[in-house]
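No lab work stands behind these numbers, since they all come straight from the coordinates. This structure is a prediction, so every number in the text was calculated from the model and none was measured. Neighbour counts run over all protein chains shown; Cβ positions are idealised from the backbone, glycine included.
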Amino acid sequence: MAPRRIAAGVTAALACERGGVSVLVGLTVPALLIVAGLAADFTRAAALRERMQTAADGAVREVVRGADAAQITAYVQAVLAPALARTGGGAADSPTILVTGTGTAAASVQISATYQTPFGVFRAAAGQPPTMTVSATQRAFCTASGTRWVPVSQACPAGQSGMVTFDREERLTCPSPTSEPDWAETGTVQNYASSCADG
């Protein structure tokens, strides 16, 4: 009788353990699927964002040159078409393009696209719209130009008294394509005068 009872106890324990594993698998698999779906969503969103940045970088050059809104829209749609096709979303076919400062150094292009994510059903189940919006903005490339003359006064070399005065030429330059314009010396001077004398 004792061996039978022991065998029955072992069998019951094994059955109980199998049930625990089933519950564990039942809880883990959906969680893993949700994580994988969200990872795929965000990977596609990152690829779309990168493509949008490329489109914005190119479009802003055209804006600075004076391209109108229709030309910019056509350019952006052509650049984004491959990325939007891969997202599989309907709303992404019509990105929103905001252009400001046409023909000026202060121009900018902002692009927004909303698309149906492949695994959006998970967010829909959570009560959120199954869409994701990404945008990219690029400031205009610096197109600064111009010169100015700056009056300069300097002390004489050591051992001398008096002053040295002159006008220094500076040119408006762009340290980098998207930086603010800055004045830089050209090395040219005019109206040089020195009152230096041995002290």
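What Kirkwood hydrodynamic radius, in Å, does the range 146-196 give when the mean of 1/r is taken over all pairs of distinct Cα atoms and then inverted? Computed over the range 146-196, the radius equals 12.5 Å. In plain terms, the residue of Glu62, Glu50 with the fewest other Cβ atoms within 10 Å comes first and the most crowded comes last, giving Glu50, Glu62.
Along the range 161-167 the Karplus relation, 6.51 cos²θ - 1.76 cosθ + 1.60 evaluated at θ = phi - 60°, assigns HN-Hα couplings of 10, x, 9, 10, 10, 6, 9 Hz to successive residues, with x for each Gly and Pro. Listing Val152, Val99, Val109, Val29 from fewest to most neighbouring C-beta atoms within 10 Å gives Val29, Val152, Val99, Val109.
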